[in-house]
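Asker: I'd like to ask some things about the structure below.
Please treat every number below as a calculation from the coordinates, not as lab data. What you are looking at is a predicted structure, and each value in this text was computed from that prediction instead of being measured. Neighbour counts are summed over all protein chains in view; Cβ atoms, including those assigned to glycine, are modelled from backbone coordinates with ideal geometry.
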Amino acid sequence: MKILVTGGAGFIGSAVVRLAISRGYEVVNLDALTYAACLENLATVADSPLYSFEHADIRDREALTEIFTRHRPDAVMHLAAESHVDRSIDGPDDFIQTNIVGTFNILEAARKYWSDAGKPDKFRFHHISTDEVFGSLSADPADRFHEETPYSPRSPYSASKASSDHLVRAWHETYGLPVVLTNCSNNYGPNQFPEKLIPVVILNAVSECPIPIYGNGSNVRDWLFVLDHAEALLRVVEAGRVGRSYNIGGDNERSNLDIVQAICAILDDIRPRANGKPYADLITYVADRPGHDARYAIDASRARDELGWRPSVTVEEGLRTTIGWYLDNESWWRPMLERQGLGKRLGTGRRAA
Ligand code: NAD
């Protein structure tokens, strides 16, 4: 199978590219290389004859059409997106253009290519989305997102992803494009851009900087290790039922405060502070994110029952691996800290200067 992966230089996309190549698939990585991209994430596969890179923007329909014609993929895995909720609050424009208009463009380019090829049944358009499209849950543990949960996005980011999900379903219902969709929970792991919670906590802690917690830290998320997610995505593109969506979660619900304390405890164990104090002393409560969803939790039973997928690690195991990776890979994250917006408080609703 030849897979066109969009956003393959990002955090999750690069894990998908590496895994797909290790399985013997041919991969075309299409990425605009925005502030969040890092081609070094692909260093282990860059020289593989199975890998190729197309520097292109999903806002450019002509470029997409030309890439489809030249590469003739069997499947598309569409991950390219603006992905940071805080940035969507400060400046939603790029989220609308990339996540909605860009998805429209790639759907149209895929539809043309698929139609011109005689509408092969085996073609797949796999759209990768988020559980944030479903809104916010109550504290009741029985309350979880399933595939039929009504959409109720509450941030510019989640609204843009919800829009793109609706477009993908419409292209299936209206034009018959063979699509599959996935909605996953919060990912973490190696190579995550250091503006998301877990790398921010690790890097602030080891730099002896305050560790920011939004509000009182009670917001609950389900944490999914990125390599488990990549495995789930490949199973969906290989064996998912056309027109269907699959929720992917880590079975690891934790409050933000619990996650931060768990990271601090692991660091106390493997990299104690020079002053002998616990890292948790660095925790600092800051103003909450506007519209901060209280709780997300995933019912992933469809992926488990139909595809035999389940997460392979607990959050404690995944965090140890992730922290070890950041401690060993300063040459990866140090240059990232120079990128636009890093180290600043984003998402307060005031556009960054
Ligand atoms: P990321 O921000 O790390 O990477 C996004 C990639 O997309 C980057 O390489 C970037 O250069 C590329 N990109 C952005 N705009 C583009 C454009 N206009 N044209 C072409 N390429 C463009 O994101 P991620 O965390 O790896 O997320 C990947 C996907 O998974 C996204 O669609 C996101 O919505 C979804 N998702 C992420 C999470 C998470 O926890 N990270 C959770 C649920 C869903």
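Asker: Filter segment 214-232 down to the residues that are under 22 Å from residue 279 (Cα atoms), surrounded by fewer than 24 Cβ atoms within 10 Å (Cβ to Cβ) and touching a helix residue (DSSP H, G or I) at 6+ places or on another chain (Cβ under 6 Å) and list them by number.
Answerer: If the condition is that a residue be under 22 Å from residue 279 (Cα atoms), surrounded by fewer than 24 Cβ atoms within 10 Å (Cβ to Cβ) and touching a helix residue (DSSP H, G or I) at 6+ places or on another chain (Cβ under 6 Å), then 217, 219 are the ones that fit.
Asker: From (1) without any contact (Cβ under 8 Å) to a residue 24 or more places away in the chain; (2) within 15 Å of residue 178 (Cα to Cα), pick out the condition that doesn't hold for residue 111.
Answerer: (1)
Asker: Which residue out of 37, 63 is assigned to a helix (DSSP H, G or I) and either crowded, with 18+ Cβ neighbours inside 10 Å or free of Cβ contacts under 8 Å to residues at least 24 places away in the same chain (or both)?
Answerer: Result of the check over 37, 63: 63.
Asker: Give segment 298-319 a look and list any residue that's part of a helix (DSSP H, G or I) and closer than 14 Å to residue 182 by Cα, or say none.
Answerer: Once the filter is applied, which keeps residues that are part of a helix (DSSP H, G or I) and closer than 14 Å to residue 182 by Cα, segment 298-319 yields 301, 302, 303, 304, 306, 307.
Asker: Of 24, 13, 7, which residue is touching a Gly at 6+ places or on another chain (Cβ under 6 Å) and at positive phi?
Answerer: Every option except 7 fails the conditions.
Asker: So which residues in segment 1-24 are touching a strand residue (DSSP E or B) at 6+ places or on another chain (Cβ under 7 Å), touching a residue at least 60 places away in the same chain (Cβ under 8 Å) and more than 12 Å from the ligand (Cβ to nearest atom)?
Answerer: Selection gives 1, 2, 3, 20.
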